[in-house]
Amino acid sequence: MFEAAVYVTLKKGILDPEGKAIKNSLKSQGYDQVEEVTTGKYFLLKIKERDRTAAEEELRQICEKFLVNMVLEDYSFELREVDR
Amino acid sequence: MKFGVVFFPGANAADCFYVIDQLIGHPVSPIQPEERELDGFDCIVLPGGFSYGDYLRAGALAAATPVIEQIADFAEQGGLVLGIGNGFQILLNTGLLPGAMRKNESLRFRCHDVFLRVENSRTPFTNRYHQGEVIKYPIAHGEGNYYIDSEGLAQLEQNGQVVFRYCNEQGEVIPAANPDGSVRNIAGICNVKGNVLGLMPHPERCSEEILGNTQGLRLFLSVLDWWGIHTQEGVMTDE
């Protein structure tokens with residue numbers, strides 16, 4: 001069994017109005033040191049698979065076909081073996 | 001000709017169904033998301049709303065249903081597909097239309113009338129409008145900020161695939177008339193063949209006198225005209 005943490009972020013150059021709004025709010029709360037905020041999504045998947053390469057391949061497919069909008073978003077993941 | 005309206009959970013399919021059934025008086029059937037056969041349909045409508053609660057991304061879950069695979073084949077064979085609001089978002093997620101939707105630049109849900117310039121009146125959906133005509137439709141969306149990369153944009157423009165653009169009452173396409181931040185004020189696009197149209201504004205919500213605006217009805221009548229059927233007795237037009 002593998003556990004995959006998937007992070008989805010906006011591609012460079014795509015406006016992130018939500019991140020900008022959060023940054024502005026932080027500024028108004030006095031956190032002037034914050035230079036930039038970007039938002040994204042986080043998914044945790046458990047994959048019933050014994051082979052790491054197979055799990056990785058399946059995860060890539062899931063990301064590119066469904067979880068991620070490849071026009072706007074990038075993704076990365078961490079895959080680790082778990083007992084259950 | 002026969003229409004079908006897909007009833008995704010969370011979508012407002014009933015208003016499209018009503019316009020076709022009651023206002024233009026044409027045969028129309030509901031289609032379920034699990035449907036695997038699309039025999040006998042000529043035009044399929046993907047309605048507005050919030051299919052599957054807009055989970056993951058607006059339109060993403062609907063785009064992965066069995067019926068969408070059928071609709072892709074149907075479109076490939078030249079069948080007419082109309083995606084309104086959420087239906088447009090679904091078409092982008094399936095790749096039947098290029099590009100993607102971002103959250104509105106203002107981060108606000110925009111719900112009001114907009115002016116649109118008809119940029120292509122030669123499609124099956126817009127032949128009742130004049131090229132360059134300024135019309136008024138309502139919008140209601142939080143995620144209608146259309147994006148496509150510069151290469152894709154050049155292709156859209158070159159092929160005449162931009163069908164509607166947000167404009168002011170005078171027909172000027174200016175940033176102040178853009179409610180959501182879409183590139184080049186794009187409000188609606190079609191595929192290269194012209195048989196698949198997606199638009200964010202809602203023609204079905206301005207198709208009846210009681211709503212104070214009937215300009216949307218002509219989009220549905222365009223489909224009938226394109227199909228070679230003339231307006232039947234009792235059908236209301238705004239001309």
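The values are calculated or read from the model by the stated rules, or taken from the named source; none is laboratory data. Because the structure is predicted, anything quoted here is derived from the model rather than measured. All Cβ positions, glycine included, derive from the backbone under ideal geometry; neighbour counts span all protein chains shown.
Residue-level check: of (1) closer than 19 Å to B:Gly188 by Cα; (2) within 12 Å of chain A (Cβ to nearest Cβ); (3) not hydroxyl-bearing (Ser, Thr, Tyr), B:Ala64 misses just (1).
The stretch B:1-82 holds no strands (runs of 3 or more DSSP E) entirely within its bounds that carry 1 or more residues that are at pLDDT below 95 and of a type in the set (Asp, Glu).
For the stretch B:127-154, a residue qualifies if it is within 14 Å of chain A (Cβ to nearest Cβ) and under 21 Å from B:Asn191 (Cα atoms), and the qualifying residues are B:Glu143, B:Gly144, B:Asn145, B:Tyr146, B:Tyr147, B:Ile148, B:Asp149, B:Ser150, B:Glu151, B:Gly152, B:Leu153.
Of everything in the stretch B:63-96 that's over 17 Å from the mean Cα position of the chain (by Cα) and β-branched (Val, Ile, Thr), which residue is surrounded by the fewest Cβ atoms within 10 Å (Cβ to Cβ)? Step by step, filter the stretch B:63-96, then rank; the result is B:Thr65. Contact map, the stretch A:65-84: first residue over 21 Å from A:Lys48 (Cα atoms), second residue of a type in the set (Gly, Ala, Ser), Cβ cut-off under 6 Å, separation 6 or more or different chains; pairs are A:Asn69/B:Ala100; A:Val71/B:Ala100; A:Leu72/B:Ala100.
Given the criteria of a type in the set (A, V, I, L, M) and at pLDDT below 95, does A:Leu15 qualify? Criteria met by A:Leu15. Selection over the stretch B:36-93 of residues that are under 19 Å from B:Trp227 (Cα atoms) and free of Cβ contacts under 8 Å to residues at least 12 places away in the same chain gives a count of 3.
For (1) at pLDDT 95 or above; (2) hydroxyl-bearing (Ser, Thr, Tyr); (3) closer than 25 Å to A:Val71 by Cα, each residue gets a yes or a no:
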residue	(1), (2), (3)
B:Ser121	yes, yes, no
B:Phe125	yes, no, no
B:His130	yes, no, no
B:Pro138	yes, no, no
B:Tyr147	yes, yes, yes
B:Gln158	yes, no, yes
B:Val162	yes, no, yes
B:Cys167	yes, no, no
B:Ile174	yes, no, no
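Filtered by the rule that a residue be within 14 Å of chain A (Cβ to nearest Cβ) and free of Cβ contacts under 8 Å to residues at least 40 places away in the same chain, the stretch B:98-126 gives B:Leu107, B:Arg108, B:Phe109. None of B:Ser207, B:Ser150 is among the small types (Gly, Ala, Ser), surrounded by fewer than 19 Cβ atoms within 10 Å (Cβ to Cβ) and on the phi < 0 side of the Ramachandran plot except B:Ser150. Residues in the stretch A:40-62 that are within 12 Å of chain B (Cβ to nearest Cβ) and surrounded by 16 or more Cβ atoms within 10 Å (Cβ to Cβ): A:Phe43, A:Ile62.
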